[in-house]
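The values are calculated or read from the model by the stated rules, or taken from the named source; none is laboratory data. As the structure is a computational prediction, the values presented were derived from the model and not from experiment. Cβ sites come from the backbone with ideal geometry, for glycine too, and all protein chains shown count toward neighbours. The protein model used for the area step is the full one, side chains on, heavy atoms only, and it has no ligands, DNA or RNA in it. Shrake-Rupley method; radii C 1.70, N 1.55, O 1.52, S 1.80 Å.
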Amino acid sequence: MTGAEDAEFKIVFTGPMGAGKTTAIAAISEIEPVRTEVANSDRDSHAKESTTVGFDFGRLTLPGGHAVRLYGTPGQARFRFMWSILGRGAAGVIVLLDATRPDALAQMDQFVDAFLPLVPAGAIVVGVGRSSEPGALGSEDFAARLEARDLVVPVLTIDAREPRDVRLLVHTLTCILESQASTGSCP
Ligand SMILES: Nc1nc2c(ncn2[C@@H]2O[C@H](COP(=O)(O)OP(=O)(O)O)[C@@H](O)[C@H]2O)c(=O)[nH]1
Ligand SMILES: [Mg+2]
């Protein structure tokens, strides 16, 4: 997988505040996730009680035995300086979005544009949460936006609280990495 077959590799979960990054890492981490949450002083961006100011950290062993380090970025733009720090050395990035946000497509563009230069070509997967809620955008809206930009990025409908959904995001990303290394057997 991208060179060092036995090394632990790093996957970064990013996306706006409230998209489910902290939840997703907690859903699949085998260790008690490290969190850096403080009381949310930015209720204009999102009404939730607490928010991540440093990063989230978790760990997952894949079925093939590879260990993956999972990092979650802070979502707020004022912590943008953390994105390149956390993105450095990442094998791939998972962008999580909240489909009920009217600006979710612009948020996707913002995070995809920020992280594309930090990862090997194409190593991005988008996870769209809450798309079944009334008034939400559908996953096809996100897929169409990426396609219109000539970006080949898989879009999955997910619930970040569901370990199976989050594992599927990680699996999709590792399939991309394996196909890039031409060693994998993903469909
Ligand atoms: N319905 C639904 N709620 C979610 C989903 N992901 C996260 N949440 C909830 O949204 C809130 C914010 O999630 P959090 O993980 O803190 O978002 P973060 O800012 O991206 O780290 C929490 O109360 C989660 O339980 C999802 O996919 N669907
Ligand atoms: Mg968080």
- Item | Cross-chain or 6+ apart pairs with Cβ under 7 Å, the stretch 135-161 first and at positive phi, then open to solvent by less than 80 Å² (accessible area, probe 1.4 Å) and in a loop (DSSP other than H, G, I, E, B) | Gly135/Thr100
- Is it true that some residue in the stretch 141-160 is within 11 Å of ligand 1 (Cβ to nearest atom), touching a helix residue (DSSP H, G or I) at 6+ places or on another chain (Cβ under 7 Å) and of a type in the set (D, E, K, R)? yes
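Hey, among Leu86, Leu96, Leu105, which residue is within 16 Å of ligand 2 (Cβ to nearest atom) and closer than 21 Å to Ser45 by Cα?
From the options Leu86, Leu96, Leu105, the qualifying one is Leu96.
Residues of the stretch 55-83 being surrounded by fewer than 15 Cβ atoms within 10 Å (Cβ to Cβ) and either within 10 Å of ligand 2 (Cβ to nearest atom) or in contact (Cβ under 8 Å) with a residue 40 or more places away in the chain (or both), which ones?
Leu62, Ala67
How do the helices (runs of 4 or more DSSP H) wholly within the stretch 99-187 filter down when requiring 2 or more residues that are under 18 Å from the mean Cα position of the chain (by Cα), aromatic (Phe, Trp, Tyr) and loosely packed, with under 14 Cβ neighbours inside 10 Å: which remain?
none
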- Pairs, first over 16 Å from Thr73 (Cα atoms) in the stretch 96-119, second among the basic types (Lys, Arg) and surrounded by 17 or more Cβ atoms within 10 Å (Cβ to Cβ), C-beta under 7 Å, six or more apart: Ala99/Arg130; Thr100/Arg130; Leu105/Arg145
- Query: When the residues of the stretch 9-54 are filtered to those that are in a loop (DSSP other than H, G, I, E, B) and open to solvent by 70 Å² or more (accessible area, probe 1.4 Å), which remaining residue is modelled with the highest pLDDT?
  - Reply: Glu30
